[in-house]
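This report concerns only the one structure given below.
The values are calculated or read from the model by the stated rules, or taken from the named source; none is laboratory data. Keep in mind that what you see is a predicted model, and the values were worked out from it rather than measured. Ideal geometry is used to build each Cβ from the backbone, glycine not excepted, and the neighbour counts take in all protein chains shown.
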């Protein structure tokens, strides 16, 4: 019985109890403890065997060996599934980052051609006005000399 438990004991603590059910039957229970927090509950499922002492002597060792083998397969399958899910999550994160980078590059100003500076002066620019004159909005020609008012203010007159 204990040689069958050795593979299971390598990974975790195992609680074994034997109790009398009736005058002729016994109940043997094998309960593996969780090896670490967050471990899948399937790995701590107990084995319960009820039978006469003779039945336990004959079949308990074989049932225990099958239980340990199944327990190890489940643990291996869970570890493999966890590794596959982590790899898939990492691949999805990398793909999302790659797409975000592509969108960022498509929107960046370096991908658009820069505007070519114009060599022509702006349309509203005209000849510099002569100092001491005012400009007319209607003909583009200077309206005449600015007149000074008492107090230093200047007054503009439109040509008549």
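Whenever a residue of segment 54-70 is touching a residue at least 40 places away in the same chain (Cβ under 8 Å), its partners that are loosely packed, with under 12 Cβ neighbours inside 10 Å, lying with C-beta atoms within less than 9 angstrom and at least six residues away or across chains, give the pairs 61/3; 65/3; 68/6.
Residues checked against (1) within 25 Å of residue 1 (Cα to Cα); (2) modelled with pLDDT under 80; (3) within 31 Å of the chain's Cα centre (by Cα):
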| site | (1), (2), (3) |
| --- | --- |
| 15 | yes, no, no |
| 22 | yes, no, no |
| 32 | yes, no, no |
| 52 | yes, no, no |
| 67 | yes, no, no |
| 77 | no, yes, yes |
| 86 | no, no, yes |
| 91 | no, no, yes |
| 110 | no, yes, yes |
